[in-house]
Amino acid sequence: MVKPKLRSGNLKRRSNGVYTSKIIKAGALLADTRSLLSHWDLSRSPGENLASIRRENLFGKASRSRVEDVLGIFRQRYLAEDSVTRALVVLANGTFPSAALDRIFYFHAARTDELLHDVVVDVLLPRTAAGMTMIDTSDVEQALSEWVHKGRTAAPWGDATIRRVAQGLLATLRDFGVLEGAVNKRIGAAYLPVEAFAYIMFYLKQHQPSVVKLIDLTDWKLFFLSTTGVERFLFEAHQKHLLEYHAAGSVTRLTFPASSLEEYANVLAQRAH
């Protein structure tokens with residue numbers, strides 16, 4: 001089986017490198033994610049929290065299988081790193097802008113789902129670069145068929161599965177704000193609140209200490225950002241005192257007013273008042 005290649009400049013994502021069809025059952029789950037985080041007790045273990053959520057019937061009349069689907073995706077996206085879970089609970093329970101939080105949800109979802117990530121970077125990004133904004137199911141189906149043929153999926157997908165996965169991907173990206181339109185989808189204008197950018201930059205810097213390499217990471221392509229675009233955001237975040245960024249020739253320095261992601265989430269939440 002051929003695994004998707006790891007692009008230069010990209011941090012290793014929490015994925016096994018094989019595409020799955022989970023997106024059919026998942027979607028963006030923005031409302032469910034907010035509910036889960038608002039009920040999360042940081043003094044308890046993830047297992048205890050999930051058990052409590054099941055007991056309290058947080059999702060109302062949803063079937064048991066649907067509840068497990070949601071919890072499984074939530075676990076994949078937001079529970080793999082304790083620092084991420086704790087930071088998101090802080091942001092979700094404060095006055096942090098909802099639009100910025102949704103972009104953070106999207107970032108973590110794409111980092112833990114190889115297929116979602118690659119559809120944005122390998123299908124949507126080239127279209128925007130070519131000046132094309134419209135995207136439909138057939139465009140995604142074509143890419144998926146090629147990837148299935150190359151053995152990138154966990155198991156062979158038939159035409160029906162490919163179609164459902166393509167529809168699921170487009171709906172998910174619409175709900176995350178990457179696409180616009182109920183029926184006819186188009187790639188939306190790149191939108192990334194500076195507060196969300198600052199959070200993502202802090203998270204990535206924990207994994208990549210080199211500022212030069214950090215600015216050039218493939219992760220920024222999830223927001224259609226070039227290196228120049230990332231640098232513009234750094235200067236804006238610096239002006240808003242969310243971080244300190246200094247660049248002089250080949251020397252760059254990037255610092256934050258916190259030492260952990262949870263602490264930085266508290267800083268961002270307080271600045272949002």
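The values are calculated or read from the model by the stated rules, or taken from the named source; none is laboratory data. A quick note: this is a predicted structure, and the numbers were derived from the prediction, not measured. Quick reminder, even Gly has a Cβ in these numbers, built from the backbone with ideal geometry, and neighbours come from all protein chains shown.
Annotations
Conditions (1) at pLDDT 95 or above; (2) closer than 16 Å to T255 by Cβ; (3) surrounded by fewer than 18 Cβ atoms within 10 Å (Cβ to Cβ), marked per residue:
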position: A190; (1), (2), (3): no, no, yes
position: A196; (1), (2), (3): yes, no, no
position: Y199; (1), (2), (3): yes, yes, no
position: L214; (1), (2), (3): yes, yes, no
position: W220; (1), (2), (3): yes, no, no
position: F223; (1), (2), (3): yes, no, no
position: V230; (1), (2), (3): yes, no, no
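- Unmet criterion (only one of (1) touching a residue at least 24 places away in the same chain (Cβ under 8 Å); (2) assigned to a helix (DSSP H, G or I); (3) not hydrophobic (A, V, I, L, M, F, W, C)) for E231: (1)
- Among the residues of region 25-68, those identified as charged (D, E, K, R), in a helix (DSSP H, G or I) and either more than 17 Å from the chain's Cα centre (by Cα) or within 20 Å of V165 (Cβ to Cβ) (or both) are E48, R54, R55, R64, R66, E68.
- Here G188 clears all of (1) on the phi > 0 side of the Ramachandran plot; (2) free of Cβ contacts under 8 Å to residues at least 12 places away in the same chain except the condition numbered (1).
- Applying the criterion of being out of contact with any helix residue (DSSP H, G or I) (no Cβ under 9 Å at 6 or more places or on another chain) and not in a helix (DSSP H, G or I) to the residues of region 165-187, the residue that is surrounded by the fewest Cβ atoms within 10 Å (Cβ to Cβ) is V183.
- Every residue from region 69-86 that is part of a helix (DSSP H, G or I) and out of contact with any Ser or Thr (no Cβ under 7 Å at 6 or more places or on another chain): D69, V70, L71, G72, I73, R75, D82, V84, T85, R86
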